[in-house]
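Visitor: Encoded as structure tokens, here's the structure I'll be asking about.
The values are calculated or read from the model by the stated rules, or taken from the named source; none is laboratory data. Not measured: the values here are computed from a predicted model. Here the Cβ is made from the backbone with ideal geometry for all residues, glycine too, and neighbour counts use every protein chain on show.
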Amino acid sequence: MNPTGRNLRPPRRVVARRERSGPREDLPELRRTCALVCLAALACAAGLALRPAGDAAARSSVRVGLADQSPAMFDAPAFQQLRIKRTRYFVASDVMQDADVRAKARAFVQAARRNGVLTLLHISTADLRSGRGKVVSTSQYRRDAGRIVAYFRRLGVRDFGAWNEVNHKSQETWNRVGNAVSYFKSMYSAVRKRCTSCSVVGLDLLDQAGSDRYIRSFYARLTATWRSRLKVVGIHNYSDVNRNRSTGTAKIIRTVRRYNSRTKFWFTETGAVASFGGAFPYDEARQARVMKNMFTYANRYRRVGVQRVYPYNWFGIENGPCGATCRFDAGVVDPDGIPRPAYYAFKARLSGFSR
């Protein structure tokens, strides 16, 4: 019996017939064929034995990146081991009027590009303090978007976000849905003018109470044509990931798909927090435990459009314990770059996903 599962030994009656009719002329060729089949089977078995377990299993089509605001991330050996291909960086809407802010953004994008990493550039408020950001007029945004896209396209950026986390009070769009709609249209037009294959995150939401109302109000201001142009919606699902639930994520996806079932979703900001005020006192073990949720939800909703995940972030800011005074910290390494348990949890799950 050979590896093909067939018995190549001829039946007795055939042998008898050969004895009567003389030796079979194609027997050497048959033997060579058997030898080649055996060698091929052995080579295949050896290849499977040497192949890493992570490659043997089918990877999820969801692409996972990693975000931060510091270009130092790209030089870290622990980061390079992950073979990350995508990142996200948010800039103030007045980046083209502020040389220092623009220089930092340029340094980040260039560092990413040198390391073979693509940047999603997301526009945000110039002041993240709740209610402190100055409202950007729709005409000013239109001018700014054109300059931003022109400048950063030359640096290789292909993905742009119209406005970061529009429904959170740290953003001046939280109660100005009309502005958020106008920003999307301006960004879409600016990008399409220069790159028809580039992507625009037209709506970006936090998984908080009322997200569905914001979505309904947003889409009510869009014609059928503009609804079809809104191809990518961003989701920030920290609450779900860290509370072991997916209700907020599901609600955003479900509500958006009522208006356009072909919409794609990117988790533009997500991750497991080490600390965040009194709700999440500093706890690296808890951070590592909930890291799996981010990957689980990405796969769970893959069939309804989830394509990418951008965990935030690389560098932490706390070293604990800090109790209720803990600042927001979702870093997978500590401020000095030493990997936390969450880094290893992230690395282990990452092996089953695309980059």
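Visitor: Please find, within the range 64-112, the residue that is nearest to VAL149 (Cα to Cα) out of those that are of a type in the set (D, E, K, R) and under 17 Å from the mean Cα position of the chain (by Cα).
Guide: Restricting attention to the range 64-112, the residues satisfying the condition of being of a type in the set (D, E, K, R) are 68, 75, 83, 85-86, 88, 94, 98, 100, 102, 104, 106.
Subsequent filtering for residues that are under 17 Å from the mean Cα position of the chain (by Cα) retains 68, 83, 85-86, 88.
Working: ASP68: 21, ARG83: 27, LYS85: 21, ARG86: 18, ARG88: 15 Å.
Once the filter is applied, the top-ranked residue is ARG88.
Visitor: Please count how many residues of the range 168-186 are crowded, with 20+ Cβ neighbours inside 10 Å and farther than 16 Å from ARG221 by Cα.
Guide: Count: 2.
Visitor: Would you please list the contacts, defined by Cβ atoms under 6 Å and residues six or more apart or on different chains, that run from a residue in the range 91-120 that is among the small types (Gly, Ala, Ser) to a residue that is in a strand (DSSP E or B)?
Guide: SER93/ILE123; ALA105/VAL91; ALA112/THR87; ALA112/THR119
Visitor: On the given criteria, is SER217 under 29 Å from ALA150 (Cβ atoms) and either of a type outside the set (Val, Ile, Thr) or not in a helix (DSSP H, G or I) (or both)?
Guide: no
Visitor: Can I ask one more? Of all residues in the range 106-136, which are assigned to a helix (DSSP H, G or I) and surrounded by 18 or more Cβ atoms within 10 Å (Cβ to Cβ)?
Guide: PHE108, VAL109, ALA111, ALA112
Visitor: Further question on the same structure: Hey, among the residues in the range 293-350 that are in a helix (DSSP H, G or I) and charged (D, E, K, R), which one's surrounded by the most Cβ atoms within 10 Å (Cβ to Cβ)?
Guide: Ranking the candidates gives ARG349 first.
Visitor: For residues that are among the hydrophobic types (A, V, I, L, M, F, W, C) and part of a loop (DSSP other than H, G, I, E, B), scanning just the range 260-280, find the one that is modelled with the lowest pLDDT.
Guide: ALA279
Visitor: If I go through the range 223-259 residue by residue, how many of them are in a loop (DSSP other than H, G, I, E, B) and touching a strand residue (DSSP E or B) at 6+ places or on another chain (Cβ under 9 Å)?
Guide: Qualifying residue count for the region: 3.
Visitor: List pairs: first in the range 238-266 and free of Cβ contacts under 8 Å to residues at least 40 places away in the same chain, second of a type in the set (Asp, Glu), Cβ under 6 Å, 6+ apart or cross-chain?
Guide: Pairs found: SER239/ASP207.
Visitor: What about TYR310, is it touching a helix residue (DSSP H, G or I) at 6+ places or on another chain (Cβ under 9 Å) and either at pLDDT below 95 or of a type in the set (Phe, Trp, Tyr) (or both)? Full working, then the answer.
Guide: On the way: touching a helix residue (DSSP H, G or I) at 6+ places or on another chain (Cβ under 9 Å): no; either at pLDDT below 95 or of a type in the set (Phe, Trp, Tyr) (or both): yes.
Considered against the rule, which asks whether it is touching a helix residue (DSSP H, G or I) at 6+ places or on another chain (Cβ under 9 Å) and either at pLDDT below 95 or of a type in the set (Phe, Trp, Tyr) (or both), TYR310 comes out as no.
Visitor: Being touching a Ser or Thr at 6+ places or on another chain (Cβ under 7 Å) and among the hydrophobic types (A, V, I, L, M, F, W, C) narrows it down to one residue among VAL181, VAL191, VAL201; which is it? Give the derivation first.
Guide: Working: VAL181 fails: touching a Ser or Thr at 6+ places or on another chain (Cβ under 7 Å); VAL191 fails: touching a Ser or Thr at 6+ places or on another chain (Cβ under 7 Å).
Going through VAL181, VAL191, VAL201 in turn, the sole match is VAL201.
Visitor: Answer with yes or no whether THR196 is closer than 20 Å to LYS264 by Cβ and surrounded by fewer than 23 Cβ atoms within 10 Å (Cβ to Cβ).
Guide: Criteria met by THR196.
Visitor: Let me ask you something else. Only one of these is among the polar types (S, T, N, Q), over 27 Å from ALA330 (Cβ atoms) and assigned by TED's automatic domain parsing to the domain that holds VAL157: SER239, SER228. Name it.
Guide: SER228
Visitor: Looking at the structure I just gave you, is ASP204 crowded, with 17+ Cβ neighbours inside 10 Å and in a helix (DSSP H, G or I)?
Guide: So ASP204 does not fit the description; no.
Visitor: Considering each of VAL200, VAL177 in turn, give the residue that is more than 24 Å from the chain's Cα centre (by Cα) and β-branched (Val, Ile, Thr).
Guide: Exactly one of VAL200, VAL177 is more than 24 Å from the chain's Cα centre (by Cα) and β-branched (Val, Ile, Thr), namely VAL177.
Visitor: Next up: Could you identify the single residue in SER70, SER139 that is surrounded by fewer than 18 Cβ atoms within 10 Å (Cβ to Cβ) and either free of Cβ contacts under 8 Å to residues at least 24 places away in the same chain or in contact with a Lys or Arg (Cβ under 6 Å, 6 or more places away or on another chain) (or both)?
Guide: SER139
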